[in-house]
Amino acid sequence: GNSVTQMEGPVTLSEEAFLTINCTYTATGYPSLFWYVQYPGEGLQLLLKATKADDKGSNKGFEATYRKETTSFHLEKGSVQVSDSAVYFCALRMNYGGSQGNLIFGKGTKLSVKP
Amino acid sequence: GAVVSQHPSRVICKSGTSVKIECRSLDFQATTMFWYRQFPKKSLMLMATSNEGSKATYEQGVEKDKFLINHASLTLSTLTVTSAHPEDSSFYICSARDHLATLTDTQYFGPGTRLTVL
């Protein structure tokens, strides 16, 4: 079946460090891919998305490129801030013509950024 | 952005009692709401999808008689865990899809409810 695997955390970085959170997926077709972020005490928020191969999603300095050949959607940021401390979820959703499947999430990766 | 609230944020109950969790879309109307369950260090697992005014669609393995879902209005869905047992202890998250954005990825999540059954 369809699934998402992301690197286990927690990930602890110093401020201004480079961030990579790996995410790979298994899907029977061509899904849309997402990164969601959950700040402490808040709900999941869509961070970025990509709907087809080679698309790059970007937002708030974060980027992820949809790589069909490696079935990956790794999240990167060049210089993290303390305020980026949160749990990050990679997710996929299958598209069936004009309708959407449900979101399938990875386990989440907790990021802690130290000043 | 759109806001989804959940109440309560945390609940502790005795085994055998029922617990109701509310999910509200605060500034938009939600034709569809989703209920997820998250165990420690596990993915969010979709439990059910509810559409306003109709019966919820449950995922395989989810007991519909144990997890009662009601979506009586476009801004409120409730999940009732009936006759709760310690194994039902978990983090329950709802999300809502804006009814004006049925073909987009606009799905908003609540902050979650931590249920502990003693």
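Restricting the range A:36-57 to residues that are small (Gly, Ala, Ser) and assigned to a loop (DSSP other than H, G, I, E, B), the residue that is surrounded by the fewest Cβ atoms within 10 Å (Cβ to Cβ) is A:GLY41. Step by step: first the residues of the range B:35-57, then only those that are within 8 Å of chain A (Cβ to nearest Cβ) and part of a loop (DSSP other than H, G, I, E, B), then the one that is modelled with the highest pLDDT. Which residue is that? The selected residue is B:SER43. Residues in the range A:2-35 that are among the β-branched types (Val, Ile, Thr), surrounded by 13 or more Cβ atoms within 10 Å (Cβ to Cβ) and under 13 Å from the mean Cα position of the chain (by Cα): A:VAL4, A:THR5, A:ILE21, A:THR24.
Residue count for the range B:10-34, restricted to those that are within 13 Å of chain A (Cβ to nearest Cβ) and in a loop (DSSP other than H, G, I, E, B): 1.
Restricting the range B:49-75 to residues that are under 19 Å from B:SER89 (Cα atoms) and touching a Leu at 6+ places or on another chain (Cβ under 8 Å), the residue that is surrounded by the fewest Cβ atoms within 10 Å (Cβ to Cβ) is B:GLU59.
What residue, of B:PHE91, B:PHE67, is within 30 Å of A:GLU8 (Cβ to Cβ), away from every other protein chain (no Cβ under 14 Å) and aromatic (Phe, Trp, Tyr)? Walk me through how you get there before you give the answer.
On the way: B:PHE91 fails: away from every other protein chain (no Cβ under 14 Å).
Every option except B:PHE67 fails the conditions.
Mind counting the residues in the range A:54-97 that are among the small types (Gly, Ala, Ser), closer than 15 Å to A:LEU13 by Cα and away from chain B (no Cβ under 14 Å)? Adding up the residues that qualify gives 4. Inside the range B:76-96, residues that are crowded, with 16+ Cβ neighbours inside 10 Å and either within 13 Å of the chain's Cα centre (by Cα) or of a type in the set (Asp, Glu) (or both) make up a count of 13.
The values are calculated or read from the model by the stated rules, or taken from the named source; none is laboratory data. Everything numeric here is computed off the predicted structure, so don't read it as measured data. Heads up, the Cβs are rebuilt from the backbone with ideal geometry, glycines too, and the neighbour counts pull from every protein chain shown.
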